[in-house]
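Here's the structure, in structure tokens; my notes come after.
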Amino acid sequence: MSKALADCILKLKENASKENKAEFVSKLIADRFFVPVVIETEKDSRSITQMGYYSALSEGKSYLLVFTSVEAMGRWKKDGQFLELGFKDVCNLVNVKGTDYEGVLIDHCGNSMSLKKEFLEKVKSHIVVEKAKSE
């Protein structure tokens, strides 16, 4: 993972120009995310009994935590376990039935940015359209 997405977040916060928005969306789609997980195992066994994800509250709403790098995740929690996922997989996690995620929170405890579920779905649907055009 490069710090390209983190840099794009900074640029976008400083200047929300059309060009900066386009660059941000392009990096959002292309980059991979580090998603911290909680894994519970049976005592004296390696069998996983349960796995969950971390969330944070913002304005009373729950957001799935994702990070742009292991270093960014380390500023939030040292020695955490994580999954490395692409944009579509992160969108799928946000939309799992039974979860109440409002969206994702990128780089909690750093230069964070929250993205609502509707925005993520709009970007994800654009990816599908682009693939269909190229086939």
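The values are calculated or read from the model by the stated rules, or taken from the named source; none is laboratory data. Predicted model, so just to flag it, every value in this text is computed and none were measured. No Cβ is skipped: glycine too gets one built from the backbone with ideal geometry, and neighbour counts run over all protein chains shown. The accessibility values were calculated without ligands, DNA or RNA, using every heavy atom of the protein model including side chains. Shrake-Rupley method; radii C 1.70, N 1.55, O 1.52, S 1.80 Å.
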For K77, list the aspartates and glutamates whose Cα falls under 17 Å from its own Cα; do not include residues on the same chain fewer than 8 positions away. D107
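Have a look at the DSSP beta bridges in segment 38-106 and tell me what percent are antiparallel, nearest 5.
On the way: 8 of 13 bridges.
Antiparallel bridges make up about 60 percent of those DSSP assigns within segment 38-106.
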Among (i) -0.23, -0.58, -1.05; (ii) -0.47, -0.70, -0.96; (iii) -0.32, -0.64, -1.01, only one was calculated for this model; which label is it, if the read-out is log10 I(q)/I(0) by the Debye sum over Cα atoms at q = 0.08, 0.13, 0.18 Å⁻¹? (i)
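Where does each of 8-20, 84-96 land if you order them by average Cβ count within 10 Å, highest first? If you can, show how the numbers build up before the last one.
Numbers: 8-20: 13.3, 84-96: 15.9.
Final packing ranking: 84-96, 8-20.
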Tilt, helix 117-134 to longest principal axis of the chain (alpha-carbon atoms), in degrees rounded to tens, equals 60 degrees
Distance in nm between pseudo-label sites at N95 and K3 (7 Å out along the Cβ direction from Cα): 3.3 nm
Just to confirm, what accessible area per residue do you get for segment 26-135 at 1.4 Å probe, in whole Å²? 62 Å²
Separation of the K122 and L83 label points, Cα + 7 Å toward Cβ, nm: 2.6 nm
Can you compute the modelled spin-label distance between A30 and E71, with each label point 7 Å from Cα toward Cβ, in nm? 1.9 nm
Going Cα to Cα from K27, which lysines come in below 23 Å? Please leave out same-chain ones fewer than 8 positions away. K3, K11, K13, K18, K88, K116, K117, K122, K124, K131, K133
Carbon/sulfur fraction of accessible area - the chain, other protein chains in place, 1.4 Å, %: 50 percent
Quick one: compute the contact order of the chain, relative version, from alpha carbon pairs under 8 angstrom and 6+ residues apart, as a percent. 23 percent
